[in-house]
Amino acid sequence: MESASHLENAEPSAPEMIEIWQEAADAVADLAEQLDDEQWRAMTRCPGWTVADVVAHVVDVEEVLAGQPRPDHEPDWAALPHVANDFSRFTEVGVDRRRGASRTDVVDDLRATIALRRGQLDALPPGEDIIGPLGNPTTLDRLLRMRCLDMWMHQQDIRTAIGMDGGLDTRPAWISYQQIRAALPVVWSKRAGAPGGDVVRIDVTGPGIVATMAAVTEADGRGVLVAPPELAAVAVRLSWPDLVILASGRVDPADPELTARIELNGDPGLGAALLQALSITP
């Protein structure tokens, strides 16, 4: 497949973002369709969720965005100790409703929902705000970027669970990289607490995405993206898959196996705080 690296700094148009959103959704459906029963039941890094649950979650969120009514279903919460807050309770309802459904039925539901959503997205007037998954108004670009990030990361959850690498240099992968990069100023200045004037540089070494991003905390405490400097208060060199699992919150940033793979130079305390702060998904 041709590299999508031209998207590193691109700003896709609304029709292009709709195409990239569909690519992300279709990739989950295509991957799920290939799985055998053992792979379908494999546990993922998402707490309490199997591969089947991850696919059901993708269906559920897109159903919500399509305006479908929420399922009249009450899970046995006592049997779901991984559900720890209101947000996870919201997402668990649609997942639990499909537990026990066949792989074919869940994938068919996903493909039908993708088709419904594509029709709705294509019919939107240019520039019109839309409703996000929690009922909040947002822009089409912001929503589609969020959905690309979520679905592409869930594709990687599935691949990790079944030991099948892939999808690391696709258009949804590059949109996911853009989203992580866009979050870096807040991650660095606010969440990691980097002092004014301090710069972070992150070198992503592949496989798939090879790129460099950097941010500085300005005198007023705000973080902004900057051209990558040679010297930084914290410099991190890590693989694209390791950046993804940090950004998705799928791993303890202090895990020795992970930290052994990451090259971190500069202020060690600030570097550790950065790794902790990199989780940007709910």
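The values are calculated or read from the model by the stated rules, or taken from the named source; none is laboratory data. Keep in mind the model is a prediction, meaning the values are calculated, not measured. Note that we place each Cβ from the backbone using ideal geometry, even for glycine, and neighbour counts take in every protein chain shown.
Against the numbered list (1) under 18 Å from the mean Cα position of the chain (by Cα); (2) more than 14 Å from Ala247 (Cβ to Cβ); (3) among the hydrophobic types (A, V, I, L, M, F, W, C), Ala101 comes up short only at (1). Beta carbons closer than 7 Å, at least 6 apart along the sequence or on distinct chains, pair a first residue in the range 93-107 that is assigned by TED's automatic domain parsing to the domain that holds Pro133 with a second that is charged (D, E, K, R) and assigned to a loop (DSSP other than H, G, I, E, B) for Val93/Arg70; Val106/Arg98. For the range 99-110, the condition holds for at least one residue, the condition being that it is surrounded by 16 or more Cβ atoms within 10 Å (Cβ to Cβ) and closer than 22 Å to Ile175 by Cα.
For first residues located in the range 196-214 and touching a residue at least 60 places away in the same chain (Cβ under 8 Å) and within 16 Å of Leu275 (Cβ to Cβ), partners that are among the β-branched types (Val, Ile, Thr) and not in a loop (DSSP other than H, G, I, E, B) and lie 6+ apart or on another chain with Cβ distances below 9 Å form the pairs Asp198/Val216; Asp198/Thr217; Asp198/Val234; Val200/Val187; Val200/Val216; Val200/Thr217; Val200/Val234; Val200/Val236.
Of the helices (runs of 4 or more DSSP H) lying entirely inside the range 1-96, those carrying at least 3 residues that are surrounded by 16 or more Cβ atoms within 10 Å (Cβ to Cβ) and either touching a Phe, Trp or Tyr at 6+ places or on another chain (Cβ under 9 Å) or β-branched (Val, Ile, Thr) (or both) are 14-34, 51-65.
Can you tell which of Leu110, Leu134, Leu116, Leu144 is within 27 Å of Ala183 (Cα to Cα) and part of a helix (DSSP H, G or I)?
The conditions single out Leu144.
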